[in-house]
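Chemist: Please read through the structure below; I'll follow up with questions.
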Amino acid sequence: MTGERRAAVLGTPIRHSLSPVLHRAAYAALGLDGWSYEAVEVGEADLPAFVDGLDASWAGLSLTMPLKRVALEIADSVSPLAEATGAANTLVLGPEGRRADNTDVRGIVQALREVGVREVERAVVLGAGGTAQAALAALVELGVSAPVVLVREPRRAGELREAAERLDVRPEVRGLLTGADTDTEAAARVLGGADVVVSTLPAGAGDALAGARWKPGSAVLDVVYAPWPTALAAGAAVGGCRIASGLDMLLHQAVEQVALMTGLPGPVDAMRTALDKATDV
């Protein structure tokens, strides 16, 4: 298929992003010769002007931090999932305007399913940002109604609580993560009772929990993928857990983004091969 179309991943910092690897591999596999995909450094304040300046050749944008919430404000329409989570990692651009969507949820669900998760009874989420809100939606899809969420400051988890209400899930928010003052023992007890743990913490923020008494056979997804394995993932693996990485989530959310932007199914195998090559897996 021919015809010039453009797409990009936006955020700050953005140079580390592997999204171009995934999307370019998809375009090649799908025969989309006129399609291109780049990484562009864009902050919150600059996003409205950047999007306003795009011409009709643009098919879509992938959005990373800190743009996932502000993207909702500049969209002409919002998918039910993006509205419920309160965060969008995708803007699809077309004749009908800008549509915000959230493919992080699909990425989390598929990453967990790849390590054998089908239904979940007890789950823990680490963190309270936009990705944590997507994790709540993913856990709802997997049958969880009352996950535990460990955060730095429960009083600042208002947006997560609002997302939980829209998703009809009842999280128990606990303030056990406070940097050097993390209540490691209490947090470890919580993790030890979980069937699934999803860490949405920044790189290094979950290191203190690596020695938790993990439940053997449970599944742990750490959305951080560089450096890999994280201390949290390595500790969980030693504890007998099944490990899903941020690379798994990144792959599957990108597969859905490709489908939304091109109208064609995302070529999972080609995209996985390109990602493995780029990360020397």
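Chemist: At a 10 Å Cβ-Cβ cut-off, how would you order Glu38, Glu73, fewest neighbours first?
Modeler: Listed from fewest to most nearby Cβ atoms, that is Glu73, Glu38.
Chemist: Checking the a/c ratio against 1.5 first, then a/b against b/c, what shape does the Cα gyration tensor give for the range 105-247?
Modeler: Rounded, since a/c falls under 1.5.
Chemist: For Glu38, list long-range residues whose amide hydrogen, built 1.01 Å from N in the peptide plane, is under 5 Å from its own amide hydrogen.
Modeler: Correct list: Ala7, Ala8, Val9.
Chemist: Another one. With a 10 Å Cβ neighbour count serving as the proxy for reagent exposure, in which order, fewest first, do Leu232, Leu264 appear?
Modeler: In increasing order of surrounding Cβ atoms, one gets Leu264, Leu232.
Chemist: Lys/Arg Cβ at +1, Asp/Glu Cβ at -1, dipole of the chain taken about the Cα centre: which of Val105, Ala28, Val92 is farthest positive-ward?
Modeler: My answer, from the dipole projection, is Val105.
Chemist: Another one. If I build a Gaussian network model for the chain, linking alpha-carbon pairs within less than 10 angstrom, which residue out of Thr262, Thr200, Thr131 has the largest mean-square fluctuation?
Modeler: Thr262
Chemist: According to the square roots a ≥ b ≥ c of the eigenvalues of the Cα gyration tensor, what is the shape class of the range 67-147, taking rounded for a/c under 1.5, prolate for a/b larger than b/c otherwise, and oblate for the remainder?
Modeler: Note, shape of the range 67-147 comes out prolate.
Chemist: Sticking with this structure for a sec: ³J(HN,Hα) across the range 20-26 via Karplus (A = 6.51, B = -1.76, C = 1.60, θ = phi - 60°), whole Hz, x for Gly/Pro?
Modeler: Running phi through 6.51 cos²θ - 1.76 cosθ + 1.60 with θ = phi - 60° gives x, 4, 5, 5, 5, 5, 5 Hz.
Chemist: Arg156 to Val115: FRET efficiency via 1/(1 + (r/R0)^6), r the Cβ-Cβ distance, R0 22 Å, to the nearest 0.05?
Modeler: The calculated FRET efficiency here is 0.10.
Chemist: Still on this model: As a footprinting exposure proxy, order Asp168, Asp101 by other Cβ within 10 Å, with the fewest listed first.
Modeler: Listed from fewest to most nearby Cβ atoms, that is Asp168, Asp101.
Chemist: Quick one: dipole size for the chain, taken about the Cα centre, charges +1 on Lys/Arg Cβ and -1 on Asp/Glu Cβ, in debye to the nearest 20.
Modeler: Dipole of the chain, to the nearest 20 debye: 600 debye.
Chemist: Run lengths n ≥ 4 of DSSP H only: what is the helix-derived mean residue ellipticity at 222 nm for the chain, with -39500 (n - 2.57) per run over all residues, to the nearest 500?
Modeler: -11000 deg cm²/dmol
Chemist: For the pair Asp33 and Met65, what calculated FRET efficiency results from E = 1/(1 + (r/R0)^6), where r is the Cβ-Cβ distance and R0 = 35 Å, to the nearest 0.05?
Modeler: 0.65
Chemist: Please list, ordered by chain and number, the residues whose modelled amide H lies under 5 Å from the amide H of Ser199; skip anything fewer than 5 residues away on the same chain.
Modeler: Under 5 Å from the amide H of Ser199: Leu126, Leu221, Asp222, Val223.
Chemist: Out of residues 5 or more away from Val78 or on other chains, whose amide H comes under 5 Å of its own, with H placed 1.01 Å from N in the peptide plane?
Modeler: Ala100
Chemist: What list of ³J(HN,Hα) couplings, whole Hz, do you get for the range 34-51 from phi and the Karplus terms 6.51, -1.76, 1.60, once you set θ to phi - 60° and write x for glycine and proline?
Modeler: Per-residue couplings from phi come out as x, 8, 9, 8, 9, 10, 10, 6, 9, x, 4, 5, 8, 4, x, 5, 4, 5 Hz.
Chemist: Round to a whole angstrom and tell me the spacing of the C-alpha centers of the range 88-112 and the range 224-250.
Modeler: Rounded to whole Å, the Cα centres lie 24 Å apart.
Chemist: May I ask which residue of Gln257, Val120, Val223 lies farthest towards the positive end of the charge dipole of the chain, with charges of +1 (Lys, Arg) and -1 (Asp, Glu) on Cβ and the Cα centre as origin?
Modeler: Checking the options against the dipole of the chain, the answer is Val120.
Chemist: Let me spell out the model: positive unit charges on the Cβ of Lys and Arg, negative unit charges on the Cβ of Asp and Glu, origin at the Cα centre of the range 105-247. What dipole size does that give, in debye rounded to 20?
Modeler: About 120 debye.
Chemist: Can you order the peptides 251-257, 273-279 by their average number of other Cβ atoms within 10 Å per residue, highest first?
Modeler: 251-257, 273-279
Chemist: Once phi is turned into ³J(HN,Hα) by the Karplus curve 6.51 cos²θ - 1.76 cosθ + 1.60 with θ = phi - 60°, what whole-Hz value does each residue of the range 227-237 show in order, with x for glycine and proline?
Modeler: Once rounded to whole Hz, the list reads x, 10, x, 6, 4, 4, 5, 5, x, 5, 5.
A short reminder: the numbers here are calculations on the coordinates, not readings from a lab. Remember, it's a predicted structure, so these values are computed and weren't measured experimentally. In this analysis, Cβ positions are derived from the backbone assuming ideal geometry, glycine residues included, and neighbour counts consider all displayed protein chains.
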